[in-house]
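Asker: Have a look at this one.
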Amino acid sequence: MSLFNPQNIPLSLYIHMPWCVRKCPYCDFNSHAVPDGKLSLDLEQEYLQALVADFDTQIEWAQGREIQSVFIGGGTPSLISAAGYQWLFTELKQRLNFAADCEITLEANPGTLEHQPFADYLQAGINRLSIGVQSFDNEHLQRLGRIHSSDNAQKAIQQARQAGFERVNVDLMHGLPQQTLEQALLDLRLAVECGATHVSWYQLTIEPNTVFFRTQPILPEEDLLLEIQQQGEQYLKAQGFINYEVSAWRKELPSRHNLNYWQFGDYLAIGAGAHGKVSQPDGIYRFQKSRMPKDYLAKVPAPALQWQRIDDEDMPFEFMMNALRLNEGVPSEFYQQRTGLPLSSIAATVEKLQQQQLLIEDPERLACTEKGHLFLNSVLEEFL
C-alpha cells in the first residue's frame, strides 16, 4: 500500500431514506411502507437527527476531503420534507466541506402523495432529481405495484424542469411482463419529450426476496428483449443521448455520484441499510448500517456493521467490476491510485484479454472493446 494516498481519492456521500408509501413487488431495496402512507413529522425529525449523529462518526474517514457529490436514495426520499433537507444539509455542511459545485441528487417518485413542490427541494440545495417512473403505461404501472399514473409521471418531469431543475434523470425499466416493443419505445419517447436530460434504462430482473420472485410473472421472450434493446438504443442515440455506462444515457453531464462509484472512488454512507467504502492509509474498507429503521434508531449513533478490509487478492475484481461498466473505462493510473496495487500486478491478465480483443489496446486506459461489453461477465471472471 506504499503507493496509496487516500486524500487523492474523490469522496461522495450516500444517504438512505428507508420509507415508501407502498412496497413494489419487484423491489429488493431496503424499503419499508410507512403507516397510513405518510411519514410523521416526529419520525422525520428523529431520523434526521440520527443521520447527523451517524455522519459525526464518519468525519475522520474523510481525512480532510470535500464531499464531491451526494445521492439520497430509498425508499422514497421525497417523503422527507424540503424543510427537513434544508436542516440536514445545514448541519452536515457545518461538519465537513462540500465542494462548491457539489452534485446533490434526490430520488423522487411521481405520485402526488410522494413529493412536495419541486421548487422547495431546489431551494433546500438539491440540484439534480432522479424520478422513478419505470413505465408510462398505466397497466404496466399497476402490475409493477406503482401508485402513480402515466399522467402523474409526465407532469412530474415537466414540473421538475419548470421549477428550475436543469438535471432530471428518469428511471425506466424494459422487459416488463407482457410488454410489447411499441410500449417499450413509447416509454422512452415520453421520457425524452417530457424533458429528461438523463435516462437510466435497465431490464427488469426478478430478484430473490420479492413478490415477483414468488409469483414469477411471464416476461418477454429473448428475441423481443433483444429487439427492444436495439431499437431503444437507436432511438436514444438519435435524440442526442450518449450511452456512457451499461444502462445510463446522458444528454448533459454524467451522474457525478454514480461515476465516482464506477471509478472506485470513496463514499461515506448514513441511514438505515446504507453501504459505504472508505480508503484509509492501511487499506480500503467496506461497511454498512443496520438495515431496519427501528434498529438504526434504537442505537444512535448507528455503529458501522461488517467493517471489512478488501483483501489484495480481491481488489482486481472489485475494481474492474465497477470500472468496466463504463463504456470508456477509466485511466490506467486509477488502478494504482485507487487500489494501492501496481498495475503490473494485473498486466498478464490485461494482455491476455487484449489479445482476445476483449479489452482495448491502450496503455493509458482500462476499457472493454464492444465485444468485451457483450461478454462482460466472462471478462470480469478473469480477474477473480
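The values are calculated or read from the model by the stated rules, or taken from the named source; none is laboratory data. Remember, it's a predicted structure, so these values are computed and weren't measured experimentally. We place every Cβ from the backbone using ideal geometry, glycine too, and count neighbours over all the protein chains shown.
Asker: Inside the range 226-249, can you point out the residues that are within 30 Å of Gln288 (Cα to Cα) and not hydroxyl-bearing (Ser, Thr, Tyr)?
Answerer: Taking the range 226-249 and keeping what is within 30 Å of Gln288 (Cα to Cα), we get 244-249.
Glu245, Val246, Ala248, Trp249, listed by residue number.
Asker: Next question. Among the residues of the range 244-260, is any assigned by TED's automatic domain parsing to the domain that holds Leu129, among the aromatic types (Phe, Trp, Tyr) and under 21 Å from the mean Cα position of the chain (by Cα)?
Answerer: yes
Asker: Here's something else I'd like to know. Using the structure shown, decide if Gln49 is touching a residue at least 40 places away in the same chain (Cβ under 8 Å), more than 28 Å from Arg250 (Cβ to Cβ) and either surrounded by 16 or more Cβ atoms within 10 Å (Cβ to Cβ) or not hydroxyl-bearing (Ser, Thr, Tyr) (or both). Step through it out loud before you land on a result.
Answerer: Working: touching a residue at least 40 places away in the same chain (Cβ under 8 Å): yes; more than 28 Å from Arg250 (Cβ to Cβ): yes; either surrounded by 16 or more Cβ atoms within 10 Å (Cβ to Cβ) or not hydroxyl-bearing (Ser, Thr, Tyr) (or both): yes.
Against the criterion (touching a residue at least 40 places away in the same chain (Cβ under 8 Å), more than 28 Å from Arg250 (Cβ to Cβ) and either surrounded by 16 or more Cβ atoms within 10 Å (Cβ to Cβ) or not hydroxyl-bearing (Ser, Thr, Tyr) (or both)), Gln49 qualifies.
Asker: Here is a follow-up. I want to confirm something. Restricting to the range 205-243 and keeping residues that are modelled with pLDDT of 95 or more and within 20 Å of the chain's Cα centre (by Cα), which single residue is farthest from Gln142 (Cα to Cα)?
Answerer: The qualifying residue farthest from Gln142 (Cα to Cα) is Ile242.
Asker: Only residues in the range 326-354 that are on the phi > 0 side of the Ramachandran plot count as the first member; pair them with residues that are not in a helix (DSSP H, G or I), Cβ under 6 angstrom, at least 6 apart or cross-chain, and list the lot.
Answerer: Cβ pairs passing all conditions: Gly329/Arg365; Gly329/Leu366; Gly329/Ala367; Gly340/Met1; Gly340/Leu3; Gly340/Phe4.
Asker: I would also like to ask the following. Give Leu92, Leu106 a once-over and let me know the one that is in contact with a Pro (Cβ under 7 Å, 6 or more places away or on another chain) and at pLDDT 95 or above. Outline the logic, then answer.
Answerer: Values: Leu92 fails: in contact with a Pro (Cβ under 7 Å, 6 or more places away or on another chain).
Sole residue among the options that is in contact with a Pro (Cβ under 7 Å, 6 or more places away or on another chain) and at pLDDT 95 or above: Leu106.
Asker: Scanning for something closer than 21 Å to Phe241 by Cβ, in a helix (DSSP H, G or I) and either out of contact with any Pro (no Cβ under 9 Å at 6 or more places or on another chain) or at pLDDT 95 or above (or both), does the range 134-150 turn up at least one residue?
Answerer: No: zero hits.
Asker: If you don't mind, there's one more thing I want to ask. So in the range 290-302, with the set limited to residues that are in a loop (DSSP other than H, G, I, E, B) and without any contact (Cβ under 8 Å) to a residue 24 or more places away in the chain, which one is surrounded by the fewest Cβ atoms within 10 Å (Cβ to Cβ)? Steps first, answer last, please.
Answerer: Of the residues in the range 290-302, the ones in a loop (DSSP other than H, G, I, E, B) are 290-292, 299-302.
Of the ones still in play, those that are also without any contact (Cβ under 8 Å) to a residue 24 or more places away in the chain are 290, 299.
Details: Ser290: 19, Lys299: 10.
So, considering only residues that are in a loop (DSSP other than H, G, I, E, B) and without any contact (Cβ under 8 Å) to a residue 24 or more places away in the chain, the one surrounded by the fewest Cβ atoms within 10 Å (Cβ to Cβ) is Lys299.
Asker: Now for a separate question. Tally time: how many residues in the range 265-289 are surrounded by fewer than 16 Cβ atoms within 10 Å (Cβ to Cβ) and charged (D, E, K, R)?
Answerer: 1
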